[in-house]
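The values are calculated or read from the model by the stated rules, or taken from the named source; none is laboratory data. Since this is a predicted model, take the numbers as computed values, not measurements. All Cβ positions, glycine included, derive from the backbone under ideal geometry; neighbour counts span all protein chains shown.
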Amino acid sequence: MNDELNPQAKPTPQARAQPAPQAQQAPQAQQAPQDNPEKDPEDWVTGDEPMTGPQRSYLQTLAREAGREVDLDALSKAGASKLIDELQVVSGRGTGHGT
């Protein structure tokens, strides 16, 4: 009787599943921290795009704390970033000391 057709036949040593060889992992190179100088928002490639959701949310919080009304629909990413910097000073957030 042919073993391929007999489900009760014992598999040969070659047919038994062999564990997969461990993949060699290359050691991760140590990279020096990269300086990320702050760019002027006017120089951002995406600065003219609408502000992001997190920018909108943070601006709402900052404007409320600073007692300012802000037209959030008119701001670009770059404009939102500049206003965040301004309102952080007024509200005392992000300056290391509160008001």
Candidate set from region 63-85 (those that are free of Cβ contacts under 8 Å to residues at least 12 places away in the same chain and part of a helix (DSSP H, G or I)); member that is farthest from T52 (Cα to Cα)
R64
How many residues, within region 83-99, are buried (at least 16 other Cβ atoms within 10 Å of the Cβ) and at pLDDT 90 or above?
4
